[in-house]
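The structure appears right after this line, and notes come after that.
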Amino acid sequence: MKRPQDILTAPRAELEALQLEGVKKTVIKCYENVPFYHDLYDEAGFDPYAVTTLEDLQKAPFTTKQDLRDNYPFNMFAVPMEDVREIHMSSGTTGIATVGGYTEHDLDIWGDCFARGVWYADGGPQDVMHVCYGYGLFTGGLGAHYGGVKAGCTTIPMSAGNTERQIRVMREMGSTILCCTPSYAMHLADTALSMGIDPKKEFKLRVGIHGAEAFSDNFRKDLEDKIGYKVLDVYGLTETMGPGVAIECMEQNGLHLAEDHFYAEVIDPKTGEVLPDGEWGELVLTTIDREATPVVRYRTRDITRILPGECACGRTHRRIDRLHGRTDDMLIIRGVNVFPSQIEDVMKTFDQISSWYQIELTRKGHLDVVTLKVEPNPDFDFDEVRAIELLQRDMQERLKSALSVGIRVRIVEPRSIPRSEGKAVRVVDLRGDDC
Amino acid sequence: MLEQVTVFLENEKGRLSALTRVLADAGVNMYALTIAETSDYGLVRIVCDKPAQAVDALRSADMRAIVTKVLAVAVPNRPGGLADLLDAFEELDLNIEYGYCFSVHGDEAVDVLKVSDAPRACVALADKGYRLVDTADLA
């Protein structure tokens, strides 16, 4: 009997044929049903009926987040509203929210995509999935939920918040798979420890499927050591579906794209040129079988690369590297582009500090001042002021040479950097608009 | 050697009072407290009767606290007491990172010093007839 997992090891030729068929249909469907695409293709002189290879798609213009905003709420929908079963919205922290619509079929493929995380971990009906992503318009909660149900797990819809209750339920119900943001997983572990509960001994967790924010390898290792489980990175975005567009397998060496549902390209964000495998750039996605809100060449603003070569797990779907930041998380400091992930890379070479941090941007006169707040580890011997000054100086030098911009390092008391229950607040911009 | 508690505190209102309240609640009695301050943070150094319990209590309150071994020397409580002691260090060519003095009995003061080579300093000072002080001596 054919199982839904079988597509994950399909031969490349079969996958690519499926992608080409899907992409052709999506482009025509968008042109015929979404006025935005009709105008866009006519203006650009792109013939949606002339796509005969996957490379032909490169002639199609991009879709941007702004395009989706301009068509708020329902103008990007390619099906009549009677066929739409669910709506999700992006958080809209940077302006008007973007809307995703889901038909019954769309919800089914979403569950299928997220369920892959469970299948990668050899999970299924024997597992208890604890979901503490927020339920609601945010795609995290329900996306993970549909995946849990699809994979046959006993799925607990905890949603976010009430950390002590989360911990009690996790212990009493023997949750084996945890789905939430990585920073919330860390907060859960730290809170459990402060309640006198050792997650390694009293939780049955074996896998965490964590996403919605970037986290460093060092942060992952801390988390795995504290909880005694394996962390799989999950990627997704409301604009194309939600979490599950790509998920890591147990090799933890890149995230397998759901290539039977999404066609991925990596482009140079400046020129728009498609880059060869292995090169870092902006991920661009085209939906293959999305009904309600299909997108063609959607610019995700996420920085990654296609990992060349095959994965040791034997699955044929290509992998993207762990996210290197977002084109819009990028900080411009005195004209220099800085990604928070570059700061994390420097931080992990210092064992005197923990992986929590916050970047504070202020302005002194007309000059941007960047302060990196970090917390000391328990075993850091800080008895002499000199030891702290030396750490600050070393970190500042290392940051300067890695980022080409001066950053002031400030050591703050443990747990004084706010722990968030949703996305971690890594950057606080106090510069204002007055200068 | 004396066990000193060192606490990292941010240089902000209320932090020192929070620290002393934690120690009070843990039943820790302090003999001496000094602060090395910078504009961002301070290092609070404490000599007390129960250093290990003090560190545990502070850590449970989410403060960074460590036990540091420092040299504590009994010196005569008269002019020149510390000067004579420091002369001894000059001969040893040892660096003193920081120090402070406190008085516990009328005729004797305790000088606390963090030095670069504590074991060598201990031997040399004992040879010169100095008495070294540890936590138990202060009770």
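The values are calculated or read from the model by the stated rules, or taken from the named source; none is laboratory data. Nothing here was measured: the structure is a model prediction, and the numbers come from that model. Methodologically, a virtual Cβ is constructed for each residue, glycine included, from the backbone with ideal geometry; neighbour enumeration extends over all protein chains shown.
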Test: residue in the range A:208-217 that is surrounded by fewer than 21 Cβ atoms within 10 Å (Cβ to Cβ) and without any contact (Cβ under 8 Å) to a residue 40 or more places away in the chain: no
Boolean, B:L92 is surrounded by fewer than 17 Cβ atoms within 10 Å (Cβ to Cβ), more than 13 Å from chain A (Cβ to nearest Cβ) and more than 16 Å from B:T135 (Cα to Cα): yes
Some residue of the range B:73-82 being free of Cβ contacts under 8 Å to residues at least 40 places away in the same chain, within 14 Å of another protein chain (Cβ to nearest Cβ) and not in a loop (DSSP other than H, G, I, E, B): no
Top-ranked residue of the range A:397-416 - restricted to ones that are in contact with a Leu (Cβ under 9 Å, 6 or more places away or on another chain) and away from chain B (no Cβ under 14 Å), ranked as surrounded by the most Cβ atoms within 10 Å (Cβ to Cβ): A:L399
Flag if A:K423 is in contact with an Asp or Glu (Cβ under 8 Å, 6 or more places away or on another chain) and modelled with pLDDT under 90: yes
Set A:V34, A:V23, A:V51: member being β-branched (V, I, T), under 27 Å from the mean Cα position of the chain (by Cα) and crowded, with 16+ Cβ neighbours inside 10 Å: A:V23
Inter-residue pairs, beta-carbon under 8 Å, first assigned to a loop (DSSP other than H, G, I, E, B) and in the range A:245-258, second among the aromatic types (F, W, Y), 6+ apart: A:C249/A:Y120; A:M250/A:Y120
Residue in the range B:40-49 that is among the hydroxyl-bearing types (S, T, Y), more than 29 Å from B:Y130 (Cβ to Cβ), surrounded by 15 or more Cβ atoms within 10 Å (Cβ to Cβ) and within 13 Å of another protein chain (Cβ to nearest Cβ) present: yes
Odd one out for A:G136 among (1) assigned to a loop (DSSP other than H, G, I, E, B); (2) within 28 Å of A:I417 (Cβ to Cβ); (3) in contact (Cβ under 8 Å) with a residue 40 or more places away in the chain: (3)
Flag for A:D106 being in contact (Cβ under 8 Å) with a residue 12 or more places away in the chain, farther than 17 Å from A:T155 by Cβ and among the acidic types (D, E): yes
Any chance B:L138 is in contact (Cβ under 8 Å) with a residue 60 or more places away in the chain, farther than 30 Å from B:R15 by Cα, away from chain A (no Cβ under 14 Å) and surrounded by 15 or more Cβ atoms within 10 Å (Cβ to Cβ): no
Test for A:V234: is it part of a strand (DSSP E or B) and over 25 Å from A:L57 (Cα atoms): yes
Wholly within the range A:5-85, helices (runs of 4 or more DSSP H) carrying at least 3 residues that are at pLDDT below 95: A:65-70
Counted residues, the range B:98-127 - those being among the charged types (D, E, K, R) and either touching an Asp or Glu at 6+ places or on another chain (Cβ under 9 Å) or within 14 Å of chain A (Cβ to nearest Cβ) (or both): 1
